[in-house]
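Below: one structure, written as structure tokens.
The values are calculated or read from the model by the stated rules, or taken from the named source; none is laboratory data. Quick caveat, the model's predicted, so the values are computed rather than measured. Positions of Cβ are generated from backbone atoms using ideal geometry, with glycine treated the same way; all protein chains shown enter the neighbour counts. Areas reflect the complete protein model, heavy atoms only, side chains present, ligands, DNA and RNA absent. Shrake-Rupley method; radii C 1.70, N 1.55, O 1.52, S 1.80 Å.
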Amino acid sequence: MSIQTINPTTNEVVMSFDEMTDSTVNTAVAQAASAYNDWRKTSFAHRAQLLHKVADLMRAKKEQLAKLITLEMGKLLSQAEGEIVLSADIIDYYADHGAKFLADKRLSPKYGEAFIRYSPIGVLLGVEPWNFPFYQVARFAAPNIMIGNTVLVKHASNVPQCALAIEDLFKEAEAPAGLYTNLFISGKRASALVSDVRIKGVSLTGSEAAGASLAAEAGKHLKKSVLELGGSDAFIILEDADIDKTVEWAVVGRMNNNGECCVAAKRFIAVEAIADEFIKKFTDKLSKLKVGDPMDPATELGPLCNEAAAVQIADQVSRSVSAGARLLLGGKRVNRKGAFMEPTILTDLHPGIPAYHEELFGPVASFYRVKDEQAAIDLANDSDFGLGGSVFTGDVERGRRVADQIDTGMVFINHPTWTQADLPFGGTKGSGYGRELSELGIDEFVNKKLIRTSALSDPF
Ligand code: NAP
């Protein structure tokens, strides 16, 4: 396997890195385990100080770090800068609130006294994807470092310079050796590493296949796992929605990050009464997107993360059309070098057509028209995924009623599914389990230890 920066705008290899040997990995795990023995004894204030330093450094280097993201995975530069700020905010959020979230919780037993102490559990392994190379790592590393755990991070093989840049931020902030360590290894070796007795928990954000592989190892070795996997979010448009505003959000929901978001709006479900108006305006806006170099501020849609991803999504579209789907827009690779795909809309989708079932990780929208609200809910739930989703309506109470019936981990009313430090993030069904961000995200890799004091005379 290769750990390489390949610029998806040109498909040229920019830099290559060697995979770590088993002996280097063993040393890294030993160092993380030894760092844990000291780090677990530090105060919340000490941990917060380090995290704030990392966040400050990240903000100070925003332009430089954002360029790395754009170079390695093709995100529009303005969005890459937004990712750096969001990541720094997440790190600060856990530094600011971690002590409060992890404070002892008093209980009121029938006899004596009791409380819950939130203790760290040890070295964790995080396996992270390329689509938000800083944000994904921030939401795993910051809460866990605040708890007192230490982390090993196996980042995606196509963002090695981002992976090293994050490790460097911790070094520059004078984090103790072993607190945060980047591992240059394959996914397979990451799964195999789960059996190492020094590793106490694992978290993976990525595809279902990778998640299943890592979680199977975790299950075999009785270790806690958190999985943040793919999604095929429904974007429901009801007849009382403001169509012009909804169309604007639909474009953002589908095309943000060049369409490569786990929580991108992927299935647009419009009720009959407004379906024609919605799809006409949506198609018009997508057809006018300026496709090009993501470093150019005028560009509105950049390349996919690499050539393989572009080949895959073009293949999903072509298999779907062969199976009976109809193209309303696009459908082909863009005629230029690089991993580009045209903004595309598919319709006439039904069970059995690939695009009805598979996650479309790129600038390809699926459009469905349905009779009414109930049909929209039923279609939204007819998916193996359960990550996010949104409902657009002029009646917020109606939106909440619909949201209540959608089987996903997150539902947004009048907004595409999105993220911030203080909102929990995660899915259900095939989209995984566990939560990141908010108070819930600091609750996964802790030992919620009961400490009970009794009087000797208390009953058994
Ligand atoms: P991927 O292939 O699963 O890669 C994700 C990470 O898993 C990479 O670091 C990869 O390493 C590693 N990996 C691959 N095979 C593995 C294995 N057998 N065992 C352990 N680790 C393994 O995912 P992707 O297709 O690049 O990323 C996009 C997917 O991530 C989409 O499905 C998207 O929806 C999902 N995602 C979910 C969330 C969420 O929060 N729910 C957020 C972002 C993305 P290599 O790069 O070395 O292969």
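What's the percent breakdown of Cα-Cα distances in segment 176-284 across 5 Å bins, shortest bin first?
2, 11, 16, 14, 11, 9, 9, 8, 8, 8, 4, 1, 0
Which of the peptides 301-312, 186-197, 37-48, 227-238 is most tightly packed, and how do the rest follow, judged by the mean count of other Cβ atoms within 10 Å per residue?
227-238, 301-312, 186-197, 37-48
What are the principal axis extents of the Cα atoms in segment 209-267, in Å, biggest first?
Computed over the Cα atoms, the extents are 52, 24, 14 Å.
Out of the DSSP beta bridges found with both residues in segment 233-413, what percent are antiparallel (nearest 5)?
15
Where does segment 75-133 land on the Kirkwood hydrodynamic radius, alpha-carbon pairs, in angstrom?
About 15.3 Å for segment 75-133.
With a 1.4 Å probe and every protein chain kept in, tell me what percent of the accessible surface of segment 233-413 is carbon plus sulfur.
On segment 233-413, the fraction of accessible area on carbon and sulfur atoms equals 50 percent.
Before anything else, pin down the relative contact order of the chain: Cα pairs under 8 Å, at least 6 apart, normalised by residue count, whole percent.
19
Quick check: net charge around Ala310, other residues with Cβ under 14 Å of its Cβ, Lys/Arg +1 and Asp/Glu -1?
After counting each charged neighbour, the total is 0.
Between Ser207 and Val85, what length comes free when the chain is fully extended (0.36 nm per residue of separation minus the Cα-Cα distance, one decimal in nm)?
41.4 nm
By DSSP, what percent of the beta bridges with both residues in segment 325-418 are antiparallel, rounded to the nearest 5?
About 45 percent, rounded to the nearest 5.
Using 12 Å as the cut-off for backbone N distance, which residues of segment 116-146 belong to the label zone defined by a point 7 Å from the Cα of His221 along Cα→Cβ?
Taking a point 7 Å out along Cα→Cβ of His221, the residues of segment 116-146 whose backbone N falls under 12 Å are 123-126.
Based on the Cα gyration tensor of segment 314-379, what are the three equivalent ellipsoid semi-axes, each the root of five times an eigenvalue, rounded to whole Å and given largest first?
Three semi-axes, in Å: 24, 12, 10.
Can you give me the relative contact order of segment 233-413 as a percent, contacts being Cα pairs under 8 Å and 6 or more apart?
29
Sorted by average packing, counted as other Cβ atoms within 10 angstrom per residue and highest first, what order do 433-445, 141-153, 15-27 take?
So the order, starting with the most tightly packed, is 141-153, 433-445, 15-27.
Once you list every other residue whose beta carbon is under 15 Å from the beta carbon of Val396, what net charge do they have if Lys and Arg are +1 and Asp and Glu are -1?
Surrounding charge for Val396 is -2.
Can you list residues from other chains, or at least 5 along the same chain, whose modelled amide H is less than 5 Å from the amide H of Ala365?
Amide H neighbours of Ala365, under 5 Å, 5+ apart: Thr344, Ile345, Leu346.
By accessible area of protein heavy atoms, probe 1.4 Å, what ranking do Asp378, Asp372 get, highest first?
From most exposed to least exposed: Asp378, Asp372.
Enter the per residue convex hull volume of the chain, computed from alpha-carbon coordinates, in Å³ rounded to the nearest integer.
Enclosed volume per residue, from the Cα hull, is 157 Å³.
According to a simple spin-label model (label point 7 Å from Cα along Cα-to-Cβ), what is the distance in nm between Val197 and Asn11?
Calculated label separation equals 5.0 nm.
Can you bin every Cα-Cα distance in segment 1-154 into 5 Å intervals starting at zero and give me the percent of pairs per bin, rounded to whole numbers?
Result returned by the calculation: 2, 9, 14, 16, 16, 15, 12, 7, 4, 2, 1, 1, 0, 0.
Please work out the FRET efficiency for the pair Val252 and Ser23, using the Cβ-Cβ distance as r and a Förster radius of 35 Å; give the result to the nearest 0.05.
Once rounded, the FRET efficiency stands at 0.15.
Dividing the Cα radius of gyration by the Kirkwood radius, what Rg/Rh value follows for segment 233-413?
0.95
In the chain, if the dipole is taken from +1 on Lys/Arg beta carbons and -1 on Asp/Glu beta carbons about the Cα centre, which of Asn131, Gly427, Pro176 is farthest to the positive end?
Pro176
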